[in-house]
Amino acid sequence: MVDTIAVISGKGGTGKSSLTRAFFELEKNAYAADCDVDGANLFVSLDHDIVESEDFIAGFDYEIDAEKCVHCSKCEKLCRFGAIKDFKIDSFLCEGCNVCYYVCGSEAVKKSPKNCGKIHRAKSNAGFFVYGRLVAGEENSGKMVSRVREISKKHAEEIGSAMLIIDGPPGVGCPVIASVTATTGVVIVTEPTLSGLSDLKRAAGLVTGMNIPVSIVINRADINTEICEQIEKFAADNALSFAGRINYSAIFNESQRDRRSVVSYEESSAADEVKKVWKNIRKDLLKQEK
Amino acid sequence: MRIVVVSGKGGAGKTTFSVILSILLSKEVDIELIDSDVEEPNSNLFLNSALESASVYRKIPRLNSEICTGCGKCADICAYNSVVMVKQKPLIFTDLCHSCGGCVEVCPVNALTEADDKYGEIGSGTSGNMMFKEGRIDVGKIQSPMLIKELLADKSSDRVQIVDAPPGTACNTVQALYGADFALIVAEPTPFGTSDFKLIHELTRVMNIDSAVVVNKDEGYSKDFYKLCESLEVPVLAAVAFDEKLSQYYSVGNLKGYLENEDITSYKGAVDGLKSLIMSEKKNG
Ligand code: SF4
Ligand code: SF4
Ligand code: SF4
Ligand code: SF4
């Protein structure tokens with residue numbers, strides 16, 4: 001079994017993707033999966049060649065065939081999502097529950113498999129990685145995450161990678177649950193703000209509830225050292241590992257523009273801090289390091 | 001009227017803008033701020049409104065196994081695999097249930113009934129002359145879109161609703177944007193931010209919602225970003241430079257203090273833009 005570490009953040013915009021990219025480059029022989037499928041960023045700054053692509057088909061599109069519909073209104077009455085009006089289905093409200101299809105006595109509801117996006121397998125200097133791109137407005141992000149993980153895990157095992165690093169989505173909803181399920185450990189990147197702390201608590205509650213070890217990183221730590229202390233106290237009180245603080249650095253934005261990773265700025269303190277944090281994360285989350 | 005504040009991704013400044021613009025606008029317009037980022041609701045950290053919370057329930061099926069004949073129709077209709085047949089008996093995984101009611105409807109012997117299951121909370125309160133509402137999903141529940149729909153069901157308010165949307169471009173954001181009169185896109189002009197912006201702009205286009213952009217943390221390297229806005233024909237209402245001081249105020253939840261003590265002229269474009277939008281809507285509506 002290849003060790004799998006998911007990097008999540010609760011709150012977006014904490015620099016999670018930049019850090020994931022740096023970890024990916026620091027770890028020899030790692031494989032990466034961008035599971036932030038409705039805001040994938042890993043591929044944006046990382047030069048790569050796509051090796052293989054597949055369509056991501058999930059769920060169904062539902063449509064009422066006007067020629068067959070006898071206007072009995074049964075579907076409209078039973079659709080709990082208010083998606084059917086005047087014998088037409090509003091695709092933004094439809095949740096694909098299948099009820100209309102099942103109950104229509106006239107076979108007037110048609111369903112067709114839905115193409116929700118694309119999944120790419122790519123090769124970069126840092127190693128292979130997989131990323132998904134959900135079509136804007138599509139549901140099934142959780143399912144897409146599972147598929148991205150499936151592909152990356154299989155390939156990582158085939159080529160003998162030592163670790164799979166997952167860039168996870170924000171929040172605590174289904175794509176996050178799909179990203180952290182059955183991982184070796186989870187890194188939560190937060191920032192020292194009240195909202196960062198509040199989001200951290202919810203994300204940590206989710207992951208520890210699933211019995212998965214957590215390691216916490218504070219990014220842009222110098223924004224507020226007092227809240228940094230509160231975060232570290234929260235970690236200690238809940239027996240969660242704390243991997244360290246990384247201070248604000250313009251290099252995070254520069255590196256995106258230069259298409260480089262933060263750790264490639266050899267002389268910078270940002271690179272040093274990120275390296276140290278990754279070392280601690282490995283110690284916290286990998287069994288053989290303990 | 002409803003204005004939804006979105007960004008392709010969290011952290012672009014969605015909540016900051018929602019709160020700042022709501023406060024500034026509320027001096028002249030009746031505002032209701034609604035935080036629909038139900039997985040991580042944060043707006044109230046900046047308002048400190050004393051919220052009155054109400055639990056929100058969904059329907060989940062419950063089986064009376066004595067009546068069940070094991071026909072399997074319930075598992076057949078369920079699109080989410082939350083009912084599966086094991087040894088000719090239905091097994092219900094309520095975590096996955098979307099409360100569509102299908103299984104209950106098709107059961108020929110009424111062996112399934114519906115029970116209430118709490119999955120989140122809706123809090124409401126006031127802040128100054130502004131009304132405030134937020135949704136908060138229980139950790140571990142996956143029905144965020146349902147809660148957002150519930151939270152935003154009422155559009156009848158006389159007040160102008162400003163909605164702080166969830167991040168991303170998937171189902172949660174679709175629910176927040178549904179029924180919007182206008183989308184305000186907060187974007188960071190970095191490579192990541194540009195990629196996120198393209199996705200969210202595409203979503204507003206597909207959903208047929210007019211939009212405008214406010215550029216956040218403009219560090220002066222943003223020419224390409226403005227060109228992109230121009231080619232997409234999205235107006236830029238304001239550009240706000242990165243401000244170290246804002247981070248300080250933000251970190252302790254004191255955006256009100258920021259508005260009182262610091263130079264906020266760069267937000268003026270956004271405030272004026274929205275104001276004229278609201279006025280023209282009032283005239284037409
Ligand atoms: S149930 Fe079938 S026939 Fe009746 S209104 Fe719906 S689509 Fe038409
Ligand atoms: S599939 Fe379900 S949600 Fe969609 S229109 Fe039919 S009944 Fe409504
Ligand atoms: S209510 Fe709908 S989603 Fe829930 S178990 Fe029944 S068929 Fe499945
Ligand atoms: S549809 Fe009703 S009778 Fe048939 S298996 Fe399901 S619960 Fe039992």
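Every number here is computed from the coordinates shown, using simple stated rules; none is lab data. Note that the coordinates shown come from a computational prediction; the quantities given were computed from them, not determined experimentally. Don't worry about glycine lacking a Cβ; one is built from the backbone with ideal geometry, like all the others, and counts go over all protein chains shown.
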**Asked** Mind checking the angle between helix A:194-209 and chain A's longest principal axis? C-alpha axes, 0 to 90 degrees, to the nearest 10.
**Response** 70
**Prompt:** How long, wide and thick is the protein assembly as shown, going by the Cα atoms along their three principal axes, in whole angstroms, largest first?
**Reply:** 71, 65, 47
**Asked** Kirkwood hydrodynamic radius for segment B:94-189: how many Å is it when counted over pairs of different Cα atoms?
**Response** 16.0
**Item:** Averaged over B:96-107, number of beta-carbon atoms from partner chains that fall within 10 Å
**Value:** 4
**Request:** May I ask for the percentage of alpha-carbon pairs in segment B:65-110 that lie more than 15 Å from each other?
**Result:** 35
**Asked** What is segment B:6-152 by shape, rounded, prolate or oblate, if you read a ≥ b ≥ c off the alpha carbon gyration tensor as root eigenvalues and call it rounded for a/c under 1.5, prolate for a/b larger than b/c, and oblate otherwise?
**Response** prolate
**Fill in**
Charge dipole of chain B built from unit charges on the beta carbon (Lys, Arg +1; Asp, Glu -1), centred at mean Cα; most positive-end Cα among B:17, B:213, B:1 is B:1
**Prompt:** How are the Cα pair distances of segment B:128-270 distributed, in percent, across 5 Å bins from 0?
**Reply:** 2, 8, 16, 18, 18, 18, 14, 6, 1
**Request:** Taking amide H positions as placed in the peptide plane 1.01 Å from N, state which residues far from residue A:89 in sequence (5 or more) or on other chains have amide H under 5 Å from it.
**Result:** A:64
**Message:** Nearest 10 degrees is fine. How inclined is helix A:269-285 to the longest principal axis of chain A, computing both from alpha carbons?
**Reply:** 70
**Rounded to the nearest 20 debye, dipole of chain A from Cβ charges on Lys, Arg, Asp, Glu** = 500
**Long-range tail of P(r) for segment A:66-107 (Cα pairs > 11 Å, %)** = 60
**Request:** Please work out whether segment A:113-157 counts as rounded, prolate or oblate from its C-alpha gyration tensor, where a ≥ b ≥ c are the square roots of the eigenvalues and a/c under 1.5 means rounded, while otherwise a/b larger than b/c means prolate and anything else oblate?
**Result:** prolate
**Complete:** Under the helix-only model (-39500 (n - 2.57) for each DSSP H run of 4 or more, divided by the residues of chain B), the mean residue ellipticity at 222 nm, to 500 deg cm²/dmol, is -10000 deg cm²/dmol
**Message:** Inside 10 Å of the C-beta atoms of A:162-173, what's the mean count of C-beta atoms belonging to other chains?
**Reply:** 4
**Complete:** Rounded to the nearest 5, the percent of DSSP beta bridges in the protein assembly as shown running antiparallel is 50
**Message:** Using +1 at the C-beta of Lys and Arg and -1 at the C-beta of Asp and Glu, which of A:119, A:236, A:246 has the Cα lying farthest in the positive direction of the dipole of chain A?
**Reply:** A:236
**Request:** State the Kirkwood hydrodynamic radius of chain B in Å, one decimal place, computed from all pairs of distinct Cα atoms.
**Result:** 20.6
**Asked** Which percent, nearest 5, of DSSP beta bridges in chain B are antiparallel?
**Response** 45
**Asked** For A:99-107, what's the mean count of beta carbons from other chains sitting within 10 Å of each residue's beta carbon?
**Response** 3
**Request:** Report the trypsin sites (Lys or Arg not before Pro) located in segment A:1-68 that are in a DSSP loop and have at most 11 other Cβ atoms inside 10 Å of their Cβ, or state none.
**Result:** A:28
**Asked** With Cβ to Cβ distances under 10 Å as the rule, what net charge do the other residues near residue A:61 carry (K, R +1; D, E -1)?
**Response** +2
**Asked** What net charge is computed for the residues neighbouring residue B:165, neighbours being all others with C-beta under 10 Å from the C-beta of residue B:165, Lys and Arg scored +1, Asp and Glu -1?
**Response** -2
**Message:** Please return the longest range in chain B lying between exposed loop sites, taking trypsin sites (Lys or Arg not before Pro), DSSP loop only, at most 13 other beta-carbon atoms within 10 Å, and leaving the sites out.
**Reply:** B:156-285
**Sparsely packed GluC sites (Glu not before Pro) within segment B:201-262, loop by DSSP, other Cβ within 10 Å at most 14** = B:219, B:233, B:262
**Message:** Placing unit charges on C-beta atoms (Lys and Arg positive, Asp and Glu negative, everything else neutral), compute the dipole magnitude of chain B about its Cα centre in debye, rounded to 20.
**Reply:** 580
**Electrostatic dipole magnitude of the protein assembly as shown [Cβ: Lys, Arg +1; Asp, Glu -1; Cα centre; debye, to 20]** = 1080
**Message:** Only sites in a loop by DSSP and with at most 16 other Cβ atoms within 10 Å count here; which chymotrypsin sites (Phe, Trp or Tyr not before Pro) in segment A:187-257 make the cut?
**Reply:** A:248
**Fill in**
Checked against the positive end of the charge dipole of segment B:39-120 (+1 on Cβ of Lys and Arg, -1 on Cβ of Asp and Glu, about the Cα centre), the farthest of B:112, B:72, B:100 is B:72
**Item:** Share of pairwise Cα separations in chain A, more than 28 Å, in percent
**Value:** 43
**Complete:** Evaluated at 37 °C and 0.692 mPa s, the Stokes-Einstein D of segment A:1-122 based on the Kirkwood radius over Cα pairs, in µm²/s, stands at 182
**Item:** Cubic angstrom per residue, convex hull over Cα atoms of segment A:179-290
**Value:** 116
**Prompt:** With Cβ to Cβ distances under 9 Å as the rule, what net charge do the other residues near residue A:45 carry (K, R +1; D, E -1)?
**Reply:** +2
**Asked** Rounded to the nearest 500, what is chain A's calculated 222 nm mean residue ellipticity when only DSSP H runs of at least 4 contribute -39500 (n - 2.57) each, over all residues?
**Response** -10500 deg cm²/dmol
